[in-house]
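Heads up, the thing below is written out as structure tokens.
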Ligand code: 9MR
């Protein structure tokens, strides 16, 4: 017995380079553990995932992620498909999933030009509604939805994608009918419904200097009017050759200097060539399928995968460098199988943008990210 114990202790000393075994901190083996104390590491969930039908996904999500956001079930067309008729069943399941697993739950999204219900902008005769009516509809939607989850949803993407790449306001129907005040009103209504919830502005291509300036201008104006805004979400649908990391960093720094939290909210790194000119996430910008822009139908060649891993690592190095500003990094999905990137900006391609493969197996990048986080001091 004595001999066995001494052998065990000797082996232990050897393995840990002389440090006593028990004094050594437990090594992180999951993303959730590795990024603890740095920022939340999150994922968007689709229906099969939060409903628990997809058992493989369920295992990965619970183990690896500390935050979730709904990929689609909280968009206005789903929550209020008919005026005054709210359907919370699905979103309730999503929120309960997050609570059960002690995750930070983000609501996405209250006011967005896309995935809106048909009735929202028109009256019963199909005529465009007045400014007053649309404001009232916004108020009712936001009050009802945010009120329903009061105290449970900790952060809301209040307004999504209201600024164009050049910094001007997107000429959405909200903008055309109400004017730029629709943004301020959305934040005010959300704050009235849950004074403790964090409120965010969320957008894509936030690295572009024009967009950065437009968002900074808009947030400063909200702040000057005394409107509560707690964070800015940089979506992060990135590619192998865009954005330049320097541009991404400049935006992180510019947004943080407004005194708000910065979040990377919809991260995925496409491994495929982007059709010329298409680097955003505006869902209307689709391009035609061509065989040569779908080159990896049977898997990524090793050199492409290596470059893809390095690029992911570069992004995470940047995020860790700014962990005093960044509170959450959320991937836009769990596995490549369910990623929207297989159909955007070109339908029917085979893309590899996420951390888990089509069978929910962790890609090599997962352990590399865990090691990277472990090497970064708190
Ligand atoms: O990933 C979402 C996809 O399943 C939907 O079909 C699409 C519809 O507009 O929305 C996707 O999510 C978007 C997100 O809500 C806002 N930023 C861009 C995302 C990708 O389009």
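The values are calculated or read from the model by the stated rules, or taken from the named source; none is laboratory data. What you see is a predicted model, and the numbers here were worked out from it, not measured in a lab. Please note: Cβ atoms are built from the backbone with ideal geometry, for glycine as well, and neighbour counts cover all protein chains shown.
Going residue by residue through the stretch 12-25, is there one that turns out to be more than 30 Å from residue 153 (Cβ to Cβ), at pLDDT 50 or above and exposed (fewer than 13 other Cβ atoms within 10 Å of the Cβ)? Within the stretch 12-25, one or more residues are more than 30 Å from residue 153 (Cβ to Cβ), at pLDDT 50 or above and exposed (fewer than 13 other Cβ atoms within 10 Å of the Cβ). In summary, residue 306 fulfils each of the numbered conditions (1) surrounded by fewer than 15 Cβ atoms within 10 Å (Cβ to Cβ); (2) within 19 Å of residue 40 (Cβ to Cβ) with the single exception of condition (2). When restricted to residues that are over 22 Å from residue 175 (Cα atoms) and touching a helix residue (DSSP H, G or I) at 6+ places or on another chain (Cβ under 6 Å), the stretch 91-120 contains 5. Residue check: is residue 365 surrounded by 21 or more Cβ atoms within 10 Å (Cβ to Cβ) and over 30 Å from residue 162 (Cβ atoms)? Here the answer is yes, as residue 365 does meet what is asked.
Can you tell me which condition residue 299 does not meet? The list is (1) on the phi < 0 side of the Ramachandran plot; (2) more than 16 Å from the ligand (Cβ to nearest atom); (3) out of contact with any strand residue (DSSP E or B) (no Cβ under 7 Å at 6 or more places or on another chain), and all the others hold. Going through (1) on the phi < 0 side of the Ramachandran plot; (2) more than 16 Å from the ligand (Cβ to nearest atom); (3) out of contact with any strand residue (DSSP E or B) (no Cβ under 7 Å at 6 or more places or on another chain) one by one, residue 299 breaks only (1).
Determine, yes or no, whether residue 86 is at pLDDT 95 or above and more than 16 Å from the ligand (Cβ to nearest atom). Break it down stepwise before answering.
On the way: at pLDDT 95 or above: yes; more than 16 Å from the ligand (Cβ to nearest atom): yes.
When the stated conditions are applied, residue 86 passes them.
Taking the criterion of being more than 20 Å from residue 134 (Cα to Cα) and assigned to a loop (DSSP other than H, G, I, E, B), the residues of the stretch 156-173 that qualify are 164, 165, 166, 167, 168.
Each row is one residue, and each column tells you yes or no for (1) within 30 Å of residue 185 (Cα to Cα); (2) in contact (Cβ under 8 Å) with a residue 60 or more places away in the chain; (3) in contact with a strand residue (DSSP E or B) (Cβ under 8 Å, 6 or more places away or on another chain); (4) surrounded by 15 or more Cβ atoms within 10 Å (Cβ to Cβ).
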| site | (1), (2), (3), (4) |
| --- | --- |
| 49 | no, yes, no, yes |
| 57 | no, yes, yes, yes |
| 98 | yes, no, yes, yes |
| 112 | yes, no, yes, yes |
| 118 | yes, no, no, no |
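Inspection of the stretch 174-191 identifies no residue that is within 14 Å of the ligand (Cβ to nearest atom), part of a loop (DSSP other than H, G, I, E, B) and touching a strand residue (DSSP E or B) at 6+ places or on another chain (Cβ under 7 Å).
Among the residues of the stretch 26-47, those identified as in contact with a strand residue (DSSP E or B) (Cβ under 6 Å, 6 or more places away or on another chain) and within 16 Å of the ligand (Cβ to nearest atom) are 42, 43, 44, 45.
One residue stands out among those in the stretch 337-359 that are in contact with a strand residue (DSSP E or B) (Cβ under 7 Å, 6 or more places away or on another chain) and not in a loop (DSSP other than H, G, I, E, B): the one that is nearest to the ligand (Cβ to nearest atom), which is 341. Tallying residues that are in a loop (DSSP other than H, G, I, E, B) and surrounded by fewer than 24 Cβ atoms within 10 Å (Cβ to Cβ) within the stretch 31-47 yields 4.
Is it the case that some residue within the stretch 229-238 is touching a residue at least 12 places away in the same chain (Cβ under 8 Å), in contact with a helix residue (DSSP H, G or I) (Cβ under 6 Å, 6 or more places away or on another chain) and surrounded by fewer than 22 Cβ atoms within 10 Å (Cβ to Cβ)? Don't jump to the end; show me each part of the working.
Keep residues of the stretch 229-238 that are touching a residue at least 12 places away in the same chain (Cβ under 8 Å), which gives 229-238.
With in contact with a helix residue (DSSP H, G or I) (Cβ under 6 Å, 6 or more places away or on another chain) added as a condition, the list becomes 229, 232.
Right, trim to surrounded by fewer than 22 Cβ atoms within 10 Å (Cβ to Cβ) and you get none.
No: zero hits.
For the stretch 323-360, the set of residues classified as touching a helix residue (DSSP H, G or I) at 6+ places or on another chain (Cβ under 9 Å), under 19 Å from residue 234 (Cβ atoms) and crowded, with 17+ Cβ neighbours inside 10 Å consists of 325, 326, 329, 332, 333, 353, 354, 355, listed by residue number. When the stretch 73-83 is limited to residues that are touching a residue at least 60 places away in the same chain (Cβ under 8 Å) and within 14 Å of residue 158 (Cα to Cα), the one that is nearest to the ligand (Cβ to nearest atom) turns out to be 74.
Out of curiosity, is residue 123 surrounded by fewer than 21 Cβ atoms within 10 Å (Cβ to Cβ) and touching a helix residue (DSSP H, G or I) at 6+ places or on another chain (Cβ under 8 Å)? Break it down stepwise before answering.
Details: surrounded by fewer than 21 Cβ atoms within 10 Å (Cβ to Cβ): yes; touching a helix residue (DSSP H, G or I) at 6+ places or on another chain (Cβ under 8 Å): yes.
Spelling it out, residue 123 is indeed surrounded by fewer than 21 Cβ atoms within 10 Å (Cβ to Cβ) and touching a helix residue (DSSP H, G or I) at 6+ places or on another chain (Cβ under 8 Å).
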